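For reference, the structure is listed below as structure tokens.
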Amino acid sequence: MDTLKILCDTQDRLPLREMTKFQGALKHRSPKMIAEMAESLLREGLIMPFVIWKHEGQNLLLDGHGRYEAISMIARSADDERGGYGKSEVLEQEFPVIYVEAETVDDAKKALLQISSRYGNITHKGYAQFCATIPQYVAPSVKKYVAPTQRKRATKVNKAIESVIRIAVPIDMEKEVRRMFSDISYIKVL
């Protein structure tokens, strides 16, 4: 396979060589994560376009860093199979892109933080570095990954809480209601 199957469409397309990474150390992707994404792209095709912010003559990649790395890995693998001669056609392939409008770098960072990816983990250090110029900005979809210890603590507290609920039912329905609730594993009928 010299090119990837593309299962999304947009008005605009760019080859990887015209995209510039923007994310910095915000997310950590292990070689295993990149390999999993590469396998997914080879198997399923590209289903999401890259998200680009045009700024000062550059096409800054806001969303798609994992896909970018995975496609680069696929291209390197294709070159290795050919004995290292020539560039893989995947690198020359034009991929669907959508453009995000942002007036400043900080606005572009805010846009990026609203985008999630399942092929990368946001680290405490990476998040702090990336958000240094926008510390007051809160991205709820990202925060849940940055503070896992607080989430674990809340889960332990919730497991310890048991609620007692009293309900009133007509006397002729009591047996039916008791039977109905007794069929539910997490409800204890007193």
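Within the range 1-40, take every residue that is of a type in the set (Val, Ile, Thr) and modelled with pLDDT of 95 or more and give me the one that is nearest to residue 65 (Cα to Cα). Quick ask: steps written out before the conclusion?
Applying the first criterion (of a type in the set (Val, Ile, Thr)) to the range 1-40 yields 3, 6, 10, 20, 34.
With the extra rule that they be modelled with pLDDT of 95 or more, the set shrinks to 6, 10, 20.
Details: 6: 17, 10: 18, 20: 10 Å.
Ranking the candidates gives 20 first.
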query: Do the conditions hold for residue 21, that is, is it in contact with a Leu (Cβ under 6 Å, 6 or more places away or on another chain), farther than 15 Å from residue 93 by Cα, touching a residue at least 12 places away in the same chain (Cβ under 8 Å) and loosely packed, with under 14 Cβ neighbours inside 10 Å?
result: yes
query: Would you pick out the residues in the range 100-144 that are modelled with pLDDT under 55 and surrounded by 15 or more Cβ atoms within 10 Å (Cβ to Cβ)?
result: 117
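Given the criterion within 16 Å of the chain's Cα centre (by Cα) and not aliphatic (A, V, I, L, M), identify the matching residue among 64, 45. Please lay out each step first, then the result.
Working: 45 fails: within 16 Å of the chain's Cα centre (by Cα).
After ruling out the rest, the residue left standing is 64.
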message: For the range 6-18, check the following and say yes or no: at least one residue is assigned to a helix (DSSP H, G or I), closer than 20 Å to residue 123 by Cα and among the basic types (Lys, Arg).
response: no
query: Does the range 1-14 hold any residues that are touching a residue at least 24 places away in the same chain (Cβ under 8 Å), within 16 Å of residue 51 (Cβ to Cβ) and not acidic (Asp, Glu), and which are they?
result: 6, 8, 10, 13, 14
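Looking at the range 26-33, is at least one residue within 18 Å of residue 110 (Cβ to Cβ) and not in a helix (DSSP H, G or I)? Working first, answer last.
At the first step, the residues of the range 26-33 found to be within 18 Å of residue 110 (Cβ to Cβ) are 26-27.
Then keep just the ones that are not in a helix (DSSP H, G or I); that gives 26-27.
Yes: one or more hits.
The values are calculated or read from the model by the stated rules, or taken from the named source; none is laboratory data. From a predicted model like this one, the values you see are computed outputs, not experimental measurements. Ideal geometry is used to build each Cβ from the backbone, glycine not excepted, and the neighbour counts take in all protein chains shown.
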